[in-house]
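Supplied in structure tokens, the structure appears directly below.
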Amino acid sequence: MGFDTDTSINTSARLNHERFPELSTGPVPIEPYISEEFFARERDAIFRCMWLLAGRMEKIPNKGDYFVKTIEVLNTSIVIVRGQDEKVRAFYNVCRHRGTNIASGAGNCKFFTCKFHGWVYDTQGNIRHVADESQFFDLDKTKLNLHEVNCEVWNDFIFINVDENPRETLAEQLGEIGVQLQDFPFPEMRVAGNWGATLNANWKLFLDAFQEGYHVATVHSGTINEYFTGARNPYCRPSSVRLYKRNRSLSIPFNPEFKIHKSEEFAIRTGESLSQGVAGLTKKVPGVNPKNDEYFSFDVNAIFPNWLLDTSIGFFFIHEFWPIDASTTRWESTMYFPEPANAGALISQNQSIALLRDAFREDIATSEGSQAGIMSGSLKEINFADTEIPCRHLYEVVTKMVNGEW
Ligand code: FES
Ligand SMILES: [Fe+2]
């Protein structure tokens, strides 16, 4: 196999900045990654204004099903409920009496009963019972329904927006990525694995570890490195990058020279997997590999502000990065595969799940190391290469927004 015609991988030119010359190229200040004052501005300018991923519809298949989503950056939790009328709504998890949470965890109910003094709300948020009501003074019960939050659903992804008048519709915010992935086979997939951790790292720095391939040869030298790097692409450069207004997307190619182990090849050939490209099994899936890149493995779709929707041939996975403060973030990762058609497909899926789980552990460990170094006082700036342009794009978008540009 010869690769010398593939200039995007072998060139020394800095192609991404040639295509996106409006982005800066110089060092980046560390303030956005460590400053609590900057973090407070992010809360108001970004997280209080934008559509945030709350979960997936498979969590609430039936009338009365609900789950509570904790959103630390907004100092609150939100109840997402499928009402008795089948409509999905979101409410602040806050009782109108004295503020206690009206739900926790997940479950199914006809009514939410506050555990403090027993006020009762229905699944559409209406107040239904005030205990010992005669002891209150001129209660206006029309003002005692649960405080509703904007809630919209796209392809079974549930979003909330705490801005009373969102500046953009959900479709506008999803933008080009929403259009591209509109027909991805999400309905065929179900949860196949999930992980999470709370780490000492800024949410952007943590997210950055999952939106560049530059670290693959070093961080993942014991796990997934050789799937992606080799003579053709030693630094795991993306084969294509797309930067939008706030979202971004990149395609990661596999290493065509990689010789998979026999037992692994068996697993790969029996179903959907991260490695099927290596085994020569590729098929066209709607919304995936938008530039028809050679040796395609998977797309990283970064949806602003704080999550990644990574799509591949027959499966997808999500990373959510929930800020707690300037240097602490809660990470949730969920993998989705089709219902396995047989035992072979299950083996194949689990091979990918185990591989990615180990790689994710490596990614999160290095993020904490970066944060510690950035907070040490020895650095004023950090540097991003051309191939790390997704990290620079996130930094620039956030900086613009906290400075009042929409
Ligand atoms: S705080 Fe909910 S009933 Fe008192
Ligand atoms: Fe990684």
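The values are calculated or read from the model by the stated rules, or taken from the named source; none is laboratory data. The structure presented is a predicted model; accordingly, all values stated were derived computationally and were not measured. Positions of Cβ are backbone-derived with ideal geometry, glycine not excepted, and every protein chain shown enters the neighbour counts. Just the protein is used for accessible areas: all its heavy atoms, side chains included, with ligands, DNA and RNA removed. Shrake-Rupley method; radii C 1.70, N 1.55, O 1.52, S 1.80 Å.
Which value at 222 nm does the chain reach when only helices count, each DSSP H run of 4 or more adding -39,500 (n - 2.57), with the total divided by all residues and rounded to the nearest 500 deg cm²/dmol?
Mean residue ellipticity, 222 nm, calculated: -7000 deg cm²/dmol.
By a straight-distance test (C-alpha under 29 Å), which lysines pair with LYS283 as possible cross-link partners, with residues fewer than eight away in the same chain excluded?
Within reach: LYS259, LYS262, LYS291.
Shifting gears a bit: For the range 61-93 and the range 168-240, compute the distance between their C-alpha centroids and round to whole Å.
27 Å
List the GluC sites (Glu not before Pro) within the range 53-125 that DSSP assigns to loop and that have no more than 15 neighbouring Cβ atoms inside 10 Å.
Here the sparse-neighbourhood loop sites are GLU86.
Going Cα to Cα from LYS143, which lysines come in below 29 Å? Please leave out same-chain ones fewer than 8 positions away.
Answer for LYS143, where 29 Å is the Cα cut-off: LYS63, LYS69, LYS87, LYS110, LYS115, listed by chain and number.
Right, here's the next one. What does the extension gain come out to for LYS115 and GLU86, with contour length at 0.36 nm per residue minus their alpha carbon separation?
7.9 nm
Follow-up. Residues with beta-carbon under 9 Å from that of GLY83, excluding GLY83: net charge, scoring Lys, Arg +1 and Asp, Glu -1?
Neighbour charge sum, excluding GLY83 itself: +1.
Assuming R0 = 22 Å, what is the FRET efficiency of ARG190 and GLU294, from their Cβ-Cβ distance, to the nearest 0.05?
0.10
Additional query: Which net charge results when you count Lys and Arg as +1 and Asp and Glu as -1 among the other residues whose beta-carbon is under 12 Å from that of PHE186?
Summing Lys and Arg as +1 and Asp and Glu as -1 gives -2.
First compute the accessible area of the chain with a 1.4 Å probe, then give the percent of it belonging to carbon and sulfur atoms.
For the chain, the apolar C and S fraction of the accessible surface comes to 50 percent.
Taking the dipole about the Cα centre of the chain, with the C-beta of Lys and Arg at +1 and of Asp and Glu at -1, give me whichever of TRP307, LEU243, ALA54 is farthest to the positive side.
ALA54
Could you tell me which chymotrypsin sites (Phe, Trp or Tyr not before Pro) in the range 129-197 are loop residues by DSSP with no more than 13 other beta carbons within 10 angstrom of their beta carbon?
Filter output for the range 129-197: PHE136, PHE137.
Still on this model: What Cys residues in the chain have no fellow cysteine's beta-carbon under 4.7 angstrom?
Here CYS49, CYS109, CYS151, CYS236, CYS391 come out as lacking a disulfide-compatible partner, given the Cβ-Cβ threshold of under 4.7 Å.
Ok, one more. On a full-extension model of 0.36 nm per residue, what is the gain between LEU379 and LYS245, subtracting their alpha-carbon distance, rounded to one decimal in nm?
Full extension from LEU379 to LYS245 adds 45.3 nm.
On to the next question. Which FRET efficiency, nearest 0.05, do GLU18 and ASN126 yield, Cβ-Cβ r, R0 56 Å?
According to the calculation, E is roughly 0.45.
How large is the accessible surface per residue of the chain, computed with a 1.4 Å probe and reported in Å² as a whole number?
On a per-residue basis, the chain sits at 44 Å².
Are there trypsin sites (Lys or Arg not before Pro) in the range 325-406 that DSSP puts in a loop and that have at most 11 other Cβ atoms within 10 Å, and which ones?
Passing sites in the range 325-406 are LYS380.
Roughly speaking, what is the centre-to-centre gap between the range 284-362 and the range 98-136 when only Cα atoms are used, to the nearest Å?
Using only Cα atoms to place each centre, the spacing works out to 38 Å.
Among ILE160, ILE177, ILE127, which one shows the highest mean-square fluctuation when the chain is modelled as a Gaussian network with alpha-carbon springs under 10 Å?
For the chain, modelled as a Gaussian network with Cα springs under 10 Å, the answer is ILE127.
Using 0.36 nm per residue, how much length does the chain from ASN342 to ARG361 gain when fully extended, once their Cα-Cα distance is taken away?
Taking ASN342 through ARG361 to full extension adds about 4.0 nm, to one decimal.
Which distance in nm do the two modelled labels at GLU164 and GLU58 give, with both placed 7 Å along the Cα-to-Cβ direction?
For GLU164 paired with GLU58, the spin-label model returns 3.8 nm.
Nearest 10 degrees, 0 to 90: what angle lies between the long axis of helix 389-402 and the longest principal axis of the chain (Cα atoms)?
30 degrees
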